[in-house]
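One structure is given here, and the rest of the page talks about it.
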Amino acid sequence: QVQLVESGGGLVQAGGSLRLSCAASGRTFGVNFMAWFRQAPGKEREFVAAIRWGGSSTYYADSVKGRFTISKDNAKNTMYLQMNSLKPEDTAVYYCAAARTLWGWTNAAQYDYWGQGTQVTVSS
């Protein structure tokens, strides 16, 4: 089992920045991808960004490309999401996820472990 705990959410004005963290614990051996997803009220959970846990490749949704940066510190078993130039449409609960899959990293169904989520609210 892998446990994931997110932190860093909050309220920010449009154009501002936030940094989310996801601390992983437990049996992280075998995890190939970690990712951030988000879910706004009344909408489906959507892919935001992913990173190969054993490498450095990163992947982004078009809606956040150029504004968000995903990174990790394997020594600390922690993943980050730096969010800049935030927009009101970025408002959502942000979830950290971990997957053993080697493909389909944009698909929530491929992820085996999930955090509890952290609220990000961007005011206009």
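The values are calculated or read from the model by the stated rules, or taken from the named source; none is laboratory data. Treat the numbers as computed from the prediction; the structure is a model and nothing was measured. We place every Cβ from the backbone using ideal geometry, glycine too, and count neighbours over all the protein chains shown. Each accessible area value is taken on the protein alone, full model and side chains, heavy atoms only, with ligands, DNA and RNA left out. Shrake-Rupley method; radii C 1.70, N 1.55, O 1.52, S 1.80 Å.
Miscellaneous remarks
- Pairing residues of segment 16-31 that are over 17 Å from Tyr95 (Cα atoms) with residues that are of a type in the set (D, E, K, R) and outside any strand (DSSP E or B), at Cβ distances under 8 Å and at least 6 apart in sequence or on separate chains, gives Gly30/Arg100.
- Test for Val93: is it within 15 Å of the chain's Cα centre (by Cα) and open to solvent by less than 30 Å² (accessible area, probe 1.4 Å): no
- Residue check, Ala49 in contact with a Lys or Arg (Cβ under 7 Å, 6 or more places away or on another chain), under 17 Å from Leu20 (Cα atoms) and modelled with pLDDT of 95 or more: no
- Lone unmet requirement of (1) modelled with pLDDT under 95; (2) touching a Gly at 6+ places or on another chain (Cβ under 9 Å); (3) open to solvent by 70 Å² or more (accessible area, probe 1.4 Å); (4) polar (S, T, N, Q) for Gln119: (1)
- The set of residues in segment 86-124 that are hydrophobic (A, V, I, L, M, F, W, C), in a loop (DSSP other than H, G, I, E, B) and farther than 16 Å from Ala61 by Cα contains only Leu102.
- Evaluating Asn107 against the criteria (1) closer than 19 Å to Thr121 by Cβ; (2) open to solvent by 50 Å² or more (accessible area, probe 1.4 Å) leaves one unmet condition, (1).
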